[in-house]
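What follows is calculated from the coordinates using simple rules that are stated; it is not laboratory data. These figures come from a predicted structure and were not determined experimentally. Glycine also receives a Cβ, built like all others from the backbone with ideal geometry; neighbour counts cover every protein chain displayed.
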Amino acid sequence: MTTLGVVESATARKDHMRFITSALIVTFVLLALTFGTRAQQSQTSPTPSAAWDNNPLITVQKEGGDPARKGDVKIEFYGHDAFKITSPKGLTVLTDPWRNDSTGAYPKWFLNDFPALRVDIVISTHAHFDHDAVERPNGLMVLERLVGQFKLGDIEITGLADKHQCDSGSADSRSKTCPPNNVIGFDNAIQIIQTGGLRIAIWGDNRTVPDPSLDHYLTNIDVLILPVETVLSRAEVDAIVRKYDPKAIIPAHYFLNGLTTDISDLESAGGWVSDQEKVHPADVRRRDSAELTLNTAALKGAHPRVYYFGNHFQKK
Ligand SMILES: [Zn+2]
């Protein structure tokens, strides 16, 4: 190495250090601003702190909470099967964050990366790219394919092990995707989130008829989040709704303008929603934003009600 080379690298190091210092200052200011906004928007959040760490979880751990206690539950749509659910105490759960397939087996489905939003708990129903990008959001906790029960503060999550809708098109696909000897990607764990006195079920891409031992958990559901038109046919969705009789349904996993691609083969949920309007003319609620606040009083008498986010989804 020449002397000149040493001088150059020393200067480069100094520039590099200056860059890191400025980047750290910018990051800190951005973090402070972001957190300030979060604190202002969410008065009910557990003690916010400037850093992104588990302080809110420590607070909730000390205070405890009751998932059966009635309160407002906020549901925000992040597209596909991703929903952020905020408990009355301010704990947040994000379901099934998505990404594009990296193996080359599927074409590009999503136009963007999943936003790096901060949440307390990230859950996923199964190991498919459009449901398991658990590293994309900033989650304090990740519960992938949970089976059994988890409880913290005013949230309880119950994971029910079952199977993904399988592909019986050919003998080869049947042997890989259909039980009993399916590959792991065709396992699915339905997740039931109880909070604010509501039971919200995330179906994932589960098969139409789960094992009968799960029926006991799937009755008395307040909000059922179901894939519409893509994983399940209209007739299959209707059969599930008839059998479990949820108070409300939120369609998911459908083609979204500005989020999913034409080559994804995802279908619009519009036809199914219009059909529901014919059956239940007064009880389809088309949302004009990506969020919805529910509580037990709001759902009283719903039988079943459809909340449809249409093309509205949160971007950050
Ligand atoms: Zn899927």
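Which residues in region 296-316 have a backbone N closer than 18 Å to a point placed 7 Å from the Cα of residue 69 along the Cα-to-Cβ line?
Taking a point 7 Å out along Cα→Cβ of residue 69, the residues of region 296-316 whose backbone N falls under 18 Å are 296-297.
Taking H as built 1.01 Å from N, whose amide H comes closer than 5 Å to the amide H of residue 142, not counting residues under 5 places away?
Correct list: 122.
How large is the direction-averaged shadow of the alpha-carbon convex hull of region 130-247, in nm²?
Values: hull surface 33.1 nm².
Approximately 8.3 nm², given one-decimal rounding.
If you build the convex hull over the alpha carbons only and average its shadow over all orientations, what do you get for region 69-308? Give it in nm² to one decimal. Intermediate values should be presented prior to the final figure.
Numbers: hull surface 50.1 nm².
Its Cα hull, projected and averaged over all orientations, spans 12.5 nm².
Which distance in nm do the two modelled labels at residue 172 and residue 267 give, with both placed 7 Å along the Cα-to-Cβ direction?
2.6 nm
So how do 168-177, 89-98, 226-235, 292-301 stack up, highest first, on mean other-Cβ count within 10 Å?
On the way: 168-177: 11.3, 89-98: 25.0, 226-235: 19.3, 292-301: 14.7.
Peptide ranking by packing, descending: 89-98, 226-235, 292-301, 168-177.
In bins 5 Å wide, starting from 0, what share of all Cα pairs of region 186-254 does each bin hold, as a percent?
Values per bin, smallest distances first: 3, 17, 31, 29, 14, 4, 0.
By the scheme Lys and Arg +1, Asp and Glu -1, what is the net charge of all other residues having a beta-carbon under 14 Å from that of residue 292? Spell out each step's value before the answer.
On the way: positive: 74, 84, 247, 285, 286, 287, 305; negative: 72, 76, 222, 288, 291.
It works out to a net charge of +2.
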